[in-house]
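Novice: What follows is a structure written as structure tokens; I'll ask about it next.
The values are calculated or read from the model by the stated rules, or taken from the named source; none is laboratory data. In this text, all values refer to a predicted model and were calculated from it rather than measured experimentally. Here the Cβ positions follow ideal geometry from the backbone for every residue, glycine too, while neighbour counts run over all protein chains shown.
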Amino acid sequence: MLNSSTLDKSSQPDLRQLLEELYEGRSLQPYKTGQVIRMLPDEILVVYRGVVQIGTLYDSGDEALLGLVCPLMPFGLPLSFIRPYQAAAMSEVDLMRLSMSEVDQSPLLAQSLFHQLTRRLQQTEAVLAMVGYRRVEDRLRHLLLLLKEEIGLPITSGTRLSIRLTHQQLANAIGTTRVTVTRLLSQLQEEGWLVVDGTRHIVLPPHAKAA
């Protein structure tokens, strides 16, 4: 069922409250970490908890990152011309499914989703800038800083990423190998650019900046 405690961004309450008012009693659809998310051509999905990675495949078989969908951001086949268009849970995720007819019938819902799509557009531009870096280390730094903005929680020592990411997930996101990410994360820890806490969450101290 809808659970307002999963949302913590200050820009989110309006859409959260609207969803709860319009769809009170509607169950959310859960996905486990790594699970592929089923999408239909007439549905928009809204992330209620967790982070979804969306991407595509080149003819060579290589994966390309299209974006990270964070709480209350929408995604789905009607919002993209890219094919194939794939989505997978980067953490445990709760989704709400909305039909296009539901969105069309509610101007207020459409307006609220537009504001969240603006967030997605801004993030997409950040991802495009990130993948343009030739050095893998630069791509990793920018990805972690992007995640800091989207899913970071302030703590005494800096900002803690609220989901635990595997080295393979980070590698897939920046187009490299797990071995390379493991090496770079160790290097960044030695430099003091990041810390991995006791629960294996990444913490970025205040001085962590792009190179």
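Novice: Of the residues that sit in region 140-198 and are charged (D, E, K, R) and under 18 Å from Ser91 (Cα atoms), which one is farthest from the chain's Cα centre (by Cα)?
Specialist: The residue in question is Asp197.
Novice: Now for a separate question. Looking only at residues in region 167-195 that are touching a residue at least 24 places away in the same chain (Cβ under 8 Å) and in a loop (DSSP other than H, G, I, E, B), which one is nearest to Gln86 (Cα to Cα)?
Specialist: Among them, the one singled out is Gly175.
Novice: Now for a different question. Conditions: (1) surrounded by 14 or more Cβ atoms within 10 Å (Cβ to Cβ); (2) under 22 Å from Lys32 (Cα atoms). Arg139 meets all but one. Number of the miss?
Specialist: Evaluating Arg139 over (1) surrounded by 14 or more Cβ atoms within 10 Å (Cβ to Cβ); (2) under 22 Å from Lys32 (Cα atoms) leaves (2) as the failure.
Novice: Separate question: Counting residues that are not small (Gly, Ala, Ser), which strands (runs of 3 or more DSSP E) fully inside region 19-113 reach at least 3?
Specialist: Filter on region 19-113 gives 29-31, 43-49, 52-57, 63-69, 93-99.
Novice: Among Asp8, Asp42, which is modelled with pLDDT under 90, acidic (Asp, Glu) and either surrounded by fewer than 21 Cβ atoms within 10 Å (Cβ to Cβ) or assigned by TED's automatic domain parsing to the domain that holds Leu121 (or both)?
Specialist: Result: Asp8 is the single residue among Asp8, Asp42 that is modelled with pLDDT under 90, acidic (Asp, Glu) and either surrounded by fewer than 21 Cβ atoms within 10 Å (Cβ to Cβ) or assigned by TED's automatic domain parsing to the domain that holds Leu121 (or both).
Novice: Basic (Lys, Arg), assigned by TED's automatic domain parsing to the domain that holds Gly76 and within 30 Å of Asp14 (Cα to Cα) - does that describe any residue in region 115-122?
Specialist: yes
Novice: Considering only residues that are surrounded by 12 or more Cβ atoms within 10 Å (Cβ to Cβ) and touching a helix residue (DSSP H, G or I) at 6+ places or on another chain (Cβ under 6 Å), which ones fall in region 188-211?
Specialist: Leu194, Leu204, listed by residue number.
Novice: Would you check which residues across region 130-156 are farther than 19 Å from Trp193 by Cβ and in contact with a helix residue (DSSP H, G or I) (Cβ under 7 Å, 6 or more places away or on another chain) and list them?
Specialist: Matches in region 130-156: Val131 only.
Novice: Between a first residue in region 16-37 that is surrounded by fewer than 17 Cβ atoms within 10 Å (Cβ to Cβ) and a second residue that is among the small types (Gly, Ala, Ser) and assigned to a strand (DSSP E or B), which pairs have beta carbons less than 7 Å apart while being 6 or more apart in sequence or on different chains?
Specialist: That search, which allows pairs on different chains as well, returns Lys32/Ala89; Gly34/Ala88; Gly34/Ala89; Gln35/Ala88; Gln35/Ala89; Val36/Ala88.
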